[in-house]
Amino acid sequence: EQHAGGYSEPLIAPLHGLGLDYIAAGQTQAAIDVLRRAVDISRKIDGLFNDGQLPLLEPLVRCYTATDQMEAAERERLYSLRVADNAYGPDSVKDAPLLDRTAHWYSAADRNRTARQYYGRELTLLQKALGNNDLQLVEPLRGIAMTYRLEYLYGPEETPEQARASSGFGASFGTANPGNLDYSPANSRLDPTGEQALR
C-alpha cells in the first residue's frame, strides 16, 4: 500500500492469503472484508469478468454461506459462473468443476431442483465434449440422483413466493421449509429418474 497505493494489483495476492488465514482462524467476517477488497481491486484493474478473480470468489462464497449471508453467497456463486463462461466459453469443459460446485452448493441449501439444473448442464457439457462413456460423467449423474433422493426425503424446493412467506433461513434463501408439516415421504413417490441416472 505504501509503495503502490490502496488499489494496486500487487495487493491482490497478500489480501487473498490474509483472507485464507482469517478463514483458518475462524474469523469469517474479517475474511469477508479482506476477500471482498481483493475482488474489488481485481475487477477495477483487470475488468469485471477477468478469470483471475475466480480463486478469490470460492472462499468468499464459503464465508458468506458460513455467516448465513445467503443472498450474497448466491450472487457471487452465480457471478463466478458468468466469469468462467466469459473466460472459457459456455461450452468449455473448464466450466464443469464450477458447475459441479454450484450444483453441490444449491443441494446443500435444499434447493435440489435448482441443483439438478446445474448438474444437468454439467452433464450435457461433458457429453458434448467427451462422449457418453467418459468417467467424468459419473459425478453429475450421481448428483442428479442425489437431488431426487433428497427431494423425496425432505420435500420439494420452495418457490420464491413460498420462501418469502416462510421465516428464518428458508425466507432468505428459498430452501425447503424444515417446519413444513404438510410434507411426508409416505405421501410422495420417489422419482425413477434418479435411479436411471445411477444406472
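General remarks:
- The chain - Debye-derived log10 I(q)/I(0), Cα point model, q = 0.09, 0.14, 0.18 Å⁻¹: -0.42, -0.91, -1.22
- Karplus-derived 3J(HN,Hα) values for the stretch 144-153, using 6.51 cos²θ - 1.76 cosθ + 1.60 with θ = phi - 60°, are 4, 4, 4, 5, 5, 5, 5, 5, 5, 6 Hz; glycine and proline are entered as x.
- Taking the square roots of 5 times each eigenvalue of the Cα gyration tensor of the stretch 12-71, largest first, gives ellipsoid semi-axes of 19, 13, 8 Å.
- Proximal charge balance of Leu54 [Cβ under 13 Å; K/R count +1, D/E count -1]: -1
- Positive minus negative residues near Asp95 (Lys, Arg vs Asp, Glu; Cβ under 10 Å): -2
- Scattering profile of the stretch 1-103 at q = 0.11, 0.21 Å⁻¹ [log10 I(q)/I(0), Debye over alpha-carbon scatterers]: -0.33, -1.09
- Between the listed residues Ala108, Tyr88, Ala38, the Cα displaced farthest toward the positive end of the dipole of the stretch 25-145, a dipole computed from Cβ unit charges relative to the Cα centre, is found at Ala108.
- Taking θ as phi - 60° and the Karplus parameters 6.51, -1.76 and 1.60, the scalar couplings of the stretch 65-74 work out to 5, 5, 9, 6, 8, 6, 5, 5, 5, 5 Hz in sequence order, x denoting glycine and proline.
- Within the accessible area of the stretch 115-161 (1.4 Å probe), percent carbon and sulfur: 53 percent
- Cα-centre dipole for the chain with unit charges at Cβ (Lys and Arg positive, Asp and Glu negative), debye to 20: 240 debye
- Using the Karplus relation 6.51 cos²θ - 1.76 cosθ + 1.60 with θ = phi - 60°, the per-residue 3J(HN,Hα) values for the stretch 18-32 come to 5, x, 5, 5, 4, 4, 4, 8, x, 9, 5, 5, 4, 4, 4 Hz, with x marking Gly and Pro.
- Compactness index (Cα Rg / 2.2 N^0.38 Å), the stretch 52-154: 1.07
- Relative contact order [Cα under 8 Å, 6+ residues apart], the chain, whole percent: 13 percent
- Helical contribution to [θ] at 222 nm, DSSP H n ≥ 4, -39,500 (n - 2.57), averaged over the chain, rounded to 500: -20500 deg cm²/dmol
- Look at the alpha carbon pairs under 8 Å that are at least 6 residues apart: their mean separation over the length of the stretch 1-56 gives a relative contact order of 32 percent.
- Max mean-square fluctuation residue, GNM over the chain, Cα-Cα springs under 10 Å, options Asn50, Asn187, Asn132: Asn187
The values are calculated or read from the model by the stated rules, or taken from the named source; none is laboratory data. What you see is a predicted model; the values in this text were computed from it and never measured. A quick note on method: Cβ atoms are made from the backbone with ideal geometry, for glycine too, and the neighbour counts reach across all protein chains shown. Side chains included, ligands, DNA and RNA excluded: accessible areas come from the protein's heavy atoms. Shrake-Rupley method; radii C 1.70, N 1.55, O 1.52, S 1.80 Å.
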